[in-house]
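What follows is a short report on a single structure.
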Amino acid sequence: MGKRGPRRQYDLDQILDAAMVVVLDKGIDGLTVARLAKELSAAPSALYRYAPGGKEEILVGLQERAIDALSEEMAQLAALPTPGSLAKEATALLRVLRVFTAYLRQRDAAPERHRLIDAFLSAPDPVLSEPHALAINQRLGAVLAVGTETLDDAVAVGALTAGDSLQRAHVLWAGMHGLDHFYKRDRIQPESLRVSTLQRVFCEVTLLGMGAPKLSLAGALDALYQPHP
């Protein structure tokens, strides 16, 4: 009998990269340790050395990776310079808009990550056990913190009335997530009912409801959707 070759070594990033391929091809329900092992040309037992919790631990890793990347992107958008021609109220609203529309923009900029986050949010049944779900929910705090900070800043300069910024952040994110599911209808819809148009309408109606001055919001929306060079 010939000697076996050296055992192949993996790191968690390689395993998560392969898991992402499987999820995108087969969906979250289609991710199994056996299928992942096949993708990596490894024995299923070998993967348990790196992920003792099996499929759920791998799903947690994928979710954490996607959340961290989105949080970093939102923070970068919040820190971008704004047009000097905007008044302070419009500037604060533009920062809010930039942060919360990031979820839809990543559809094109980072489609794999976007599809993964969408899959977790859209799955009809819980994807993770309660302890892992609570841990992921806590990690989502970093994403929501970026949004709540921009909302609080907008309140501070009079661009929004006082309110529960965490609730508002959830409403804005939920609206963007819902609009994301309308993209598939764009091909049969007139321009007035396509996501790009509905997104602006949603932002306008929602922020007006939070007390945004109409003229300041119009300036912020124009800056977001028709940025100056």
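Using equal-weight Cα scatterers in the Debye expression, the normalised intensity of region 166-229 in log10 at q = 0.13 Å⁻¹ is -0.40. When shorter helices are ignored and each DSSP H run of at least 4 residues is given -39500 (n - 2.57), the per-residue value for the chain at 222 nm works out to -22000 deg cm²/dmol. Computed from backbone phi, the HN-Hα couplings of region 29-37 come to 5, x, 7, 10, 4, 5, 5, 5, 4 Hz, rounded to whole numbers (Karplus: 6.51 cos²θ - 1.76 cosθ + 1.60, θ = phi - 60°; Gly and Pro given as x).
Quick one: putting +1 on the C-beta of Lys and Arg, -1 on the C-beta of Asp and Glu, what dipole do you get for region 98-229 around its Cα centre, in Debye to the nearest 20?
360
Here the 3J(HN,Hα) profile of region 76-93, calculated from phi with Karplus coefficients 6.51, -1.76 and 1.60 at θ = phi - 60°, is 5, 5, 5, 8, 4, x, 10, x, x, 7, 7, 5, 4, 5, 5, 4, 5, 5 Hz, Gly and Pro shown as x. Whole-Hz Karplus values for region 139-149 come out as 5, 4, x, 5, 5, 5, 5, 4, x, 5, 5 Hz, taken residue by residue from phi with 6.51 cos²θ - 1.76 cosθ + 1.60 and θ = phi - 60°; glycine and proline positions read x.
With the convex hull drawn over the C-alpha atoms of region 121-181, the volume per residue is 91 Å³. Remark on ALA212: its backbone amide H falls under 5 Å from those of THR161, a criterion applied only to residues 5 or more positions apart or on other chains, H modelled at 1.01 Å from N. Note on the chain: semi-axes of the ellipsoid equivalent to its C-alpha gyration tensor, largest first and rounded to whole Å, are 41, 18, 16. Taking every lysine pair in the chain that is 8 or more places apart or spans two chains, those with Cα atoms closer than 15 Å amount to 4. Let me check I've understood the local charge: for ALA135, count other residues with C-beta under 12 angstrom from its C-beta, Lys and Arg +1, Asp and Glu -1. What total comes out? Charge balance in the 12 Å sphere: -3. Hull volume per residue, based on the alpha-carbon atoms of region 78-123 and their convex hull, is 79 Å³. Mean silhouette area of region 8-119, derived from the convex hull of its C-alpha atoms and averaged over all directions, reads 8.1 nm². Magnitude of the charge dipole for the chain, about its Cα centre and with charges confined to Cβ atoms of Lys, Arg (+1) and Asp, Glu (-1), is about 720 debye.
Based on the Kirkwood approach, the hydrodynamic radius assigned to region 119-220 is 15.6 Å, with every pair of different Cα atoms included.
Here, each number is a calculation from the coordinates, and none is a lab measurement. Keep in mind that what you see is a predicted model, and the values were worked out from it rather than measured. Please note: Cβ atoms are built from the backbone with ideal geometry, for glycine as well, and neighbour counts cover all protein chains shown.
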